[in-house]
1. Consider ARG148 carefully, then state whether it is without any contact (Cβ under 8 Å) to a residue 40 or more places away in the chain and of a type in the set (D, E, K, R).
2. For the stretch 214-230, state whether one or more residues are under 21 Å from LEU302 (Cα atoms), part of a loop (DSSP other than H, G, I, E, B), among the hydrophobic types (A, V, I, L, M, F, W, C) and within 20 Å of the chain's Cα centre (by Cα).
3. For the stretch 150-180, enumerate the residues that are part of a strand (DSSP E or B), surrounded by fewer than 21 Cβ atoms within 10 Å (Cβ to Cβ) and in contact with an Asp or Glu (Cβ under 8 Å, 6 or more places away or on another chain).
4. Any chance the stretch 99-112 includes a residue that's touching a residue at least 12 places away in the same chain (Cβ under 8 Å), over 26 Å from PHE296 (Cβ atoms), open to solvent by 10 Å² or more (accessible area, probe 1.4 Å) and not basic (Lys, Arg)?
5. Which residues, counting only those in the stretch 215-231, are within 19 Å of ALA185 (Cα to Cα) and hydrophobic (A, V, I, L, M, F, W, C)?
6. Select from the stretch 80-104 the residues that are modelled with pLDDT of 90 or more and touching a strand residue (DSSP E or B) at 6+ places or on another chain (Cβ under 9 Å) and list them in ascending order.
7. Restricting the search to the stretch 214-248, which residues are open to solvent by less than 30 Å² (accessible area, probe 1.4 Å), among the aliphatic types (A, V, I, L, M) and either over 21 Å from ALA309 (Cβ atoms) or in contact with a Ser or Thr (Cβ under 9 Å, 6 or more places away or on another chain) (or both)?
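The values are calculated or read from the model by the stated rules, or taken from the named source; none is laboratory data. This is a predicted model, so every value here is computed, not measured. Cβ: placed from backbone, ideal geometry, glycine included. Neighbour counts: every protein chain shown. Calculation scope for accessible area: heavy atoms of the full protein, side chains included, ligands and nucleic acids excluded. Shrake-Rupley method; radii C 1.70, N 1.55, O 1.52, S 1.80 Å.
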Amino acid sequence: MSFGVHHEWGKLREVVIGIAPVEDVVLFHEQSARWMSPDLAELARHNAGRRLIDVDADWARRCERQMDALAELLVREGVTVHRPQRLSGVERTFLAPNGEGDQLFPRDPMIVVSEHVIDASLRLLCRQRERYGLRPIVQRAVQQMGARWSSVPLGSPGCVDGPFLEGGDVLLNGREVYVGMSGCASDLAGADWLKALLGRTYRVIPVAMRSNVLHLDCCLALVRPGLLIHCPEKLIDGLPRALRDWDKIVVSVDEADRLATNGLILEEGRMIVDDGNGRVIDELRRRKIEVIPLPFDGPIGLGGGLRCAHHPLLRESALE
């Protein structure tokens, strides 16, 4: 296999890592952003459209430094790393007058399932333009790696009528694909679109979440076969049936808000975790997971963790 992802835990071979040039990170606020913490929401409302470096220069520089450190760590691990192109010209303001686009979190504007690479339909208007910075990577995947390229139809500009489908909501467990539903991001129309694309050999399973949860990976992580991390308080109907007998590391709402479920899996049994989630790191190590702690509080403060900051293009795992 030269392209594709079947599970969350296959050995990572090729990946996109976000970028955070200090002059490019711009604060935004939209109606569907109720997932923001109270402090971030207040900051965003009062500073929408302003560059983060002009609001908090230390925070902006920390985001850039920590994103680059993640990319450098993966290169040392032997992973082929791609970075999005910086947006330029009209790409920076396309579709949204209330802020410029950035490229911190490539997890959401693209989705890789099996051999499919998908342009996502995001509910936040100001994030639609992120696909343009990923376009050269997607085109290479199609031309050189055998990927099949599709695009979810864009939802309504009012952010109400979908389809909406975002990568942070999509978790892969072989023939089962879980799609988070909270009203902040993906919706049933997006899940139906994905089901039609993947065909009858897959089960696309919506997972209901509380209305202030941005994405499924903010409350659930599949670490390896039989082991997961989750926050029960953020899931309305509990875990999907196939996961209910797995060993579970339970996290509190506060830990989930600090994105304790949002790590980067290098391979089965090895994982990068934000160093601020010490209890979860201890629980993982107790289960013989090799954990690499990495400071990532800068991007986390903007609402995205280590899973958000990367999108796999190739993981080694067999689809049964």
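1. yes
2. Yes, some residue in the stretch 214-230 is under 21 Å from LEU302 (Cα atoms), part of a loop (DSSP other than H, G, I, E, B), among the hydrophobic types (A, V, I, L, M, F, W, C) and within 20 Å of the chain's Cα centre (by Cα).
3. Residues satisfying the conditions are SER150, SER151, ASN173.
4. Within the stretch 99-112, not a single residue is touching a residue at least 12 places away in the same chain (Cβ under 8 Å), over 26 Å from PHE296 (Cβ atoms), open to solvent by 10 Å² or more (accessible area, probe 1.4 Å) and not basic (Lys, Arg).
5. LEU216, CYS218, CYS219, LEU220, ALA221, CYS231
6. THR80, VAL81, HIS82, ARG83, PRO84, listed by residue number.
7. Listed by number, the residues that qualify are LEU214, LEU216, LEU220, ALA221, LEU227, LEU228, ILE229, LEU235, LEU239, LEU243.
For every residue, the table says whether it meets (1) under 24 Å from GLY167 (Cβ atoms); (2) open to solvent by 30 Å² or more (accessible area, probe 1.4 Å); (3) touching an Asp or Glu at 6+ places or on another chain (Cβ under 7 Å).
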residue	(1), (2), (3)
GLU64	yes, yes, no
ALA71	yes, no, no
THR80	yes, yes, yes
SER114	yes, no, no
LEU122	yes, no, yes
